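Enquirer: Mind looking over this structure? Questions follow.
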Amino acid sequence: MKEEKVFLYGSKMAISVLIMSVICLGFALVLIYQIFSKTSLTISLLLEFWKISLLLILFVFLGLNGIVYAFKILRKSSNNQVLLKLTPEGITNYERKLVLKWRDLEDVIYISYRNRYGIGVKMKDKNLLFKQLPFYSRLPNQLFGLNVFDALSGEYIKGDGKVVYREIKEYFDRL
């Protein structure tokens, strides 16, 4: 019987999200300065320029939301929380709250795109995976007919993604 293997949260993704969020908030501050440096704020001004107001709200929301998310991931990384757990029964993904049984997997795939990566799974029956997903995540995957799902949060894993992929693939092949 095979032993359990765990993979911890890393900080690479959190740092990337933090940088993008700070840039987003920077755009919001520049927009605020441009709007309010030459005019006084009134409700009629905001209503008249509603597109800019929505853009401003979007930049502020995305920036603050990203900063909060990045600090959550950094906290998990610093506390050495488990992201993935491999057991003889299957894979548990604690970030997405998924439990994948080895017998339901057809293959484990390394997904590489630009400077990001993920570890995908190809399911024998993709409905088994979709039932575990929340509705907002299930719908796009079903609409676009994806049969490979980036289920293992490659960018969140501590360490080199290719090495982690090889370890998961070897574990899968041995069972």
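The values are calculated or read from the model by the stated rules, or taken from the named source; none is laboratory data. This is a predicted model, so every value here is computed, not measured. Counting neighbours? That spans all protein chains shown, and the Cβs are built from the backbone with ideal geometry, glycine included. Only protein heavy atoms, including side chains, enter the accessible area calculation; ligands, DNA and RNA are left aside. Shrake-Rupley method; radii C 1.70, N 1.55, O 1.52, S 1.80 Å.
Enquirer: Kindly indicate which of 119, 111 is outside any helix (DSSP H, G or I), modelled with pLDDT of 75 or more and over 18 Å from residue 85 (Cα atoms). Show your work before the answer.
Expert: On the way: 119 fails: over 18 Å from residue 85 (Cα atoms).
That would be 111, the only listed residue that is outside any helix (DSSP H, G or I), modelled with pLDDT of 75 or more and over 18 Å from residue 85 (Cα atoms).
Enquirer: Output yes when any residue across the stretch 3-22 is open to solvent by 80 Å² or more (accessible area, probe 1.4 Å) and touching a Pro at 6+ places or on another chain (Cβ under 9 Å), and no when none is.
Expert: yes
Enquirer: Residues in the stretch 110-127: is at least one among the acidic types (Asp, Glu) and touching a residue at least 24 places away in the same chain (Cβ under 8 Å)? Before the answer, list the steps.
Expert: Residues of the stretch 110-127 among the acidic types (Asp, Glu): 125.
If we keep only those that are touching a residue at least 24 places away in the same chain (Cβ under 8 Å) as well, we get none.
Taking every residue of the stretch 110-127 in turn, none turns out to be among the acidic types (Asp, Glu) and touching a residue at least 24 places away in the same chain (Cβ under 8 Å).
Enquirer: Exactly one of (1) open to solvent by 20 Å² or more (accessible area, probe 1.4 Å); (2) at pLDDT 80 or above; (3) not small (Gly, Ala, Ser); (4) not in a loop (DSSP other than H, G, I, E, B) is unmet by residue 95. Its number?
Expert: The single condition residue 95 does not satisfy is (4).
Enquirer: Out of all the residues in the stretch 30-85, which are open to solvent by less than 70 Å² (accessible area, probe 1.4 Å) and not in a helix (DSSP H, G or I)?
Expert: Result: 37, 39, 42, 82, 83, 84, 85.
Enquirer: Is one or more of the residues making up the stretch 14-26 touching a helix residue (DSSP H, G or I) at 6+ places or on another chain (Cβ under 8 Å), closer than 23 Å to residue 71 by Cα and not in a helix (DSSP H, G or I)?
Expert: The answer is no; no qualifying residue exists.
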